[in-house]
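The values are calculated or read from the model by the stated rules, or taken from the named source; none is laboratory data. None of the values given here were measured: they were computed from a predicted structure. FYI the Cβ positions are ideal-geometry reconstructions off the backbone, even for glycines, and counts take in every protein chain you see. For accessibility, only protein heavy atoms count, side chains too; no ligands or nucleic acids. Shrake-Rupley method; radii C 1.70, N 1.55, O 1.52, S 1.80 Å.
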Amino acid sequence: MFMLRKKAEMPSESLALTGRAEAIPTAAEHEIFGRQLKGPYPDGIETVWFGMGCFWGAERKFWELGSGIWITAVGYGGGYTQNPTYEEVCTGKTGHTELVLVAFDPKTLPFRDLLRTFWESHDPTQGMRQGNDNGTQYRSAIYCSTDAQLSEALASRNDYEARLRAQGFNPITTEISREPDVYFAEANHQQYLIKVPHGYCGLKGTGVSCS
């Protein structure tokens with residue numbers, strides 16, 4: 001129980017794992033789309049990182065949107081450790097949360113549709129956990145690449161929180177900010193549920209719809 005509590009508390013920067021200067025090797029191409037995972041992405045493609053629990057199932061939610069999605073990928077961010085490994089993130093000593101990168105064409109797929117998928121696919125009121133997954137790496141987050149995204153994300157949070165509160169849920173705990181330092185996860189975690197179709201997915205929404 002002590003270890004669970006410690007993993008559910010953000011470490012101080014001074015006590016966080018140091019990490020490393022070199023990037024962790026990741027996949028070159030997307031398993032489904034066949035495009036370069038790290039880019040460069042075409043002009044007009046925007047990016048956003050979402051944290052909503054275990055990133056395996058969360059990534060699938062976004063690649064299944066299809067048209068308008070250029071790339072999805074998983075990674076780590078919101079903490080202190082430079083270029084962390086999955087094992088290091090799992091210790092709770094990096095401060096990072098598991099994230100999904102979504103590179104999308106806003107002319108085909110509006111940002112509001114990504115926000116709807118995000119809010120309705122997990123429970124954003126649970127703090128440092130998601131369902132039975134406990135720890136800082138499972139906290140809810142939206143890390144935006146533009147000020148326009150940030151403004152829309154904050155507005156959507158206020159709207160969705162009102163809807164949740166009307167149904168008896170606690171306040172939303174989702175972190176919403178401009179994109180911090182983020183790091184791509186190892187190759188075996190990219191598009192994991194394509195490689196392991198019956199692999200673990202603990203995502204569960206609240207049943208409350210967005211406007």
If I build a Gaussian network model for the chain, linking alpha-carbon pairs within less than 10 angstrom, which residue out of Gly51, Gly77, Gly131 has the largest mean-square fluctuation? Gly131
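Of all accessible surface on the chain at a 1.4 Å probe, what whole percent is carbon and sulfur? Please list the in-between numbers first.
Working: 4890 of 9930 Å².
The nonpolar share, carbon plus sulfur, comes to 49 percent.
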Take Tyr86 and Asn158, extend 7 Å from each Cα along the Cα→Cβ direction, and tell me the distance between the two endpoints in nm. 4.0
Among Gln130, Gln191, Ala148 - extreme Cα towards positive end, dipole of region 75-211, charges at beta-carbon: Gln130
Point-to-point label distance, Ile194-Ser211, nm (Cα→Cβ direction, 7 Å offset): 3.6
Leaving out ligands and nucleic acids, and using a 1.4 Å probe, what accessible area per residue does the chain come to in Å²? 47
Starting from the amide H of Asp133, placed 1.01 Å from N in the peptide plane, find each other amide H under 5 Å away whose residue is 5 or more places distant or on another chain. none
Starting from the amide H of Ile176, placed 1.01 Å from N in the peptide plane, find each other amide H under 5 Å away whose residue is 5 or more places distant or on another chain. Ile142
Nearest-0.05 FRET efficiency for Asp113 and Met10, computed from C-beta distance (R0 22 Å): 0.10
Which whole-Hz couplings ³J(HN,Hα) result when phi for each residue of region 91-105 is put into the Karplus expression 6.51 cos²θ - 1.76 cosθ + 1.60, θ = phi - 60°, listed in order with x for Gly and Pro? 6, x, 9, 10, x, 7, 10, 6, 10, 10, 7, 10, 9, 9, 9
In order over region 192-199: 3J(HN,Hα) from phi, Karplus 6.51/-1.76/1.60, θ = phi - 60°, whole Hz, x for each Gly or Pro, gives 4, 7, 7, 6, 10, x, 9, x
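Tell me the net charge near Thr146. Cut-off is 13 Å between Cβ atoms, Thr146 excluded, with +1 for each Lys or Arg and -1 for each Asp or Glu. Please report the intermediate quantities before stating the final value.
Details: positive: Arg178; negative: Glu46, Asp147, Glu152, Glu179.
Local charge sum for Thr146: -3.
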Centre separation in Å (Cα based) which lies between region 81-101 and region 159-206: 15
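What does the charge count around Gln82 come to, taking other residues whose C-beta lies under 12 Å from its C-beta (Lys +1, Arg +1, Asp -1, Glu -1)?
On the way: positive: Arg20; negative: Glu13, Glu22, Glu88, Asp181.
Combined, the nearby Lys, Arg, Asp and Glu give -3.
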Taking K and R as +1 and D and E as -1, what net charge do the other residues with C-beta under 15 Å from the C-beta of Ala21 add up to? -2
Any idea how far apart Glu120 and Glu22 come out in nm if each label point goes 7 Å out from Cα toward Cβ? 4.5
